[in-house]
Structure formats: structure tokens, C-alpha cells
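Chemist: Take a look at the following structure, please.
Read-outs: derived from the displayed coordinates by stated rules, not from any lab. Computed from a prediction, not measured in an experiment: that's the story for all the values here. Cβ coordinates were reconstructed from backbone atoms using ideal geometry, including for glycine residues, and neighbour counts include every protein chain displayed.
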Amino acid sequence: FPEPPIDAPVGRVGAGLYSPYAGSTRFDQLPISKNTKDGLREGKFTELTEIQRASLPHSLCGRDVLGAAKTGSGKTLAFVIPVLEKLYREKWSPEAGVGSIIISPTRELAGQLFDVLKIVGKYHCFSAGLLIGGRKEIELEKEKVNDLNILVCTPGRLLQHMDETPNFDCSQLQVLVLDEADRILDVGFKKTLNAIISQLPKRRQTFLFSATQTKSVQDLARLSLKDPEYISVHQES
Ligand code: ADP
Ligand code: MG
């Protein structure tokens, strides 16, 4: 388990799970960096939603998470925060290359989550890029993609870079996120996703978030999930 930062609330041990912030309902009570807290304040986020409260203790401790909660329940911050914290704790520098890949099924959703990442990540010094199809700037993207730390992308565009961009390197990847995972794991993306996964290091943290719980054992196996934490939230408190 990572050492909690010194400003963390007093720890407690329960049910075999060491979690210094179990039960935190406000972002300022979480043992996360000041940079992230300032970004959350910037976005006017103060109280955690149910899925954030249920998943962050696990994701911030380095575990793989499969999270299910209905649309509008706040799944974006449930993965954006631990992505930022992982790179922060690893002292990721802008020159360190790709540290996290966040995959979204559509350009529109990718764009929306990129906007959230920009706000919450504002006080970190990571570089992030939105790689989605349908734009003409692929050549420009190819020059920049190797300098990005966090990639927010659609499956097709990511694979295009893996195939075509010289020296595209994600061998240091720390965190992989599949947003709307059920849609990305759907048959329509199967070939693309398999080709992507085969090029990613297996030793990494993986988050899957969607409105319904991903149950396919085969899917979980191909994603090399390690003893994942299953979290389902059906009702907002
Ligand atoms: P989902 O991905 O589960 O559909 P989103 O992450 O898109 O949900 O969040 C839905 C809405 O709730 C967004 O407008 C977002 O800004 C807002 N939101 C998310 N988390 C919080 C929070 N902790 N406090 C206040 N608003 C939040
Ligand atoms: Mg969402």
C-alpha cells in the first residue's frame, strides 16, 4: 500500500482493509495531493458522490477497480482523481512519456472527460492530449503524442497512433482506464481493443467504469485484471 501523505486523517484498520479515509465524504478529507484538491475546488467539487466514495479508497490504494453506477453518478472523477494521484506519487515528469491512457467509446464523451481532466488536473504539471478521430490534424498529433503523459482517446484513434506514429511508446504505462467499459468491450470494438491491449504492459493499474457491471470473465482475463474490486452503486444517497 502506498504511504498516505502526512496530512491524511488518522488511520483505522477494519475488515482487513487499511483505509485511512474510509467514510470520507468531502474531497478535502482525502489523502490526495494539494494540486488535485485545488483542481477539485476549481471545479467546485466538494462532496463525494456514492460511486466516488465507494471506489476511491481502493483505486487510491493501487487496486484494479470495476465500477458500476448509473449515468450521471460521477464516474469521471472516480477515475480522473486516481490517475492524477498515481502519476503524482510516481513523480511523473512531463518528459516521462505516456503514464496513463483513458479510453472512451465516442469522441463526444472523450471530449467531455478531457474537459474534466483539464480542470481537476490544472495544478499538476502533466501534459494531456485528446486523441479522437475525425480531425485532420493526425500528422500534428503524431509529432506531439510522444510528449503527452495522459492520453484521452477513442479506441480507433489510439490504435492508429500505435500503428502509425514513429516511436510511439507506452511501455511505461501506469494506469489504463476504460470509461463506458461495457461499450468498449462490446463486439464492435473487439478487434481494435485486443490490438491495443496486446501492446500495453501487463503490469499496470486498470479501471473499468460503466453503467452496468462487466461480468464477462473472458473480458476481464484479456485485460489482465489483478484481483479487481467490484463496486456497484445502484442508488444515490
Ligand atoms: P457519469 O460518468 O457517471 O455519467 P459524470 O462523471 O459525467 O457522471 O458526472 C455527472 C455530473 O455530475 C457532471 O456534471 C459532474 O460535473 C457532476 N459531478 C460529478 N461528481 C461530482 C461531485 N463530487 N460533486 C458535484 N458534482 C459532481
Ligand atoms: Mg461517464
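Chemist: Which value, in debye to the nearest 20, describes the size of the charge dipole of the chain about its Cα centre when Lys and Arg Cβ atoms bear +1, Asp and Glu Cβ atoms bear -1, and nothing else is charged?
Modeler: On the way: 30 positive and 29 negative charges, 55 e Å.
Its charge dipole is roughly 260 debye.
Chemist: By the gyration tensor of its Cα atoms, with a ≥ b ≥ c the square roots of the eigenvalues, what is the shape of the chain: rounded for a/c under 1.5, prolate for a/b over b/c, or oblate? Before the final figure, lay out the partial values.
Modeler: Numbers: a/c = 1.66, a/b = 1.36, b/c = 1.23.
Note, shape of the chain comes out prolate.
Chemist: Along the range 173-178, what does the Karplus equation 6.51 cos²θ - 1.76 cosθ + 1.60 (θ = phi - 60°) give for ³J(HN,Hα), rounded to whole Hz, x for Gly and Pro?
Modeler: 3, 9, 9, 10, 10, 10
Chemist: With contacts defined as alpha carbon pairs under 8 Å and 6 or more residues apart, what's the relative contact order of the chain in percent?
Modeler: 25 percent
Chemist: Here's something else I'd like to know. Taking the Cα centroid of the range 155-177 and of the range 181-237, what is the distance between the two, rounded to the nearest whole Å?
Modeler: A separation of 17 Å, based on Cα centres.
Chemist: As I understand it, the dipole of the range 13-233 uses +1 on the Cβ of Lys and Arg and -1 on the Cβ of Asp and Glu, about the Cα centre. Which of L193, I101, F79 lies farthest toward its positive end?
Modeler: F79
Chemist: Would you look at the GNM of the chain, springs on alpha carbons closer than 10 Å, and say which of L66, L77, L109 moves the most?
Modeler: Of L66, L77, L109, the Gaussian network model singles out L109 as fluctuating most.
Chemist: Restricting to the chain, compute how many DSSP beta bridges are antiparallel as a %, nearest 5. Don't skip to the end; give the middle numbers.
Modeler: Details: 3 of 29 bridges.
Beta bridges within the chain, antiparallel portion: roughly 10 percent.
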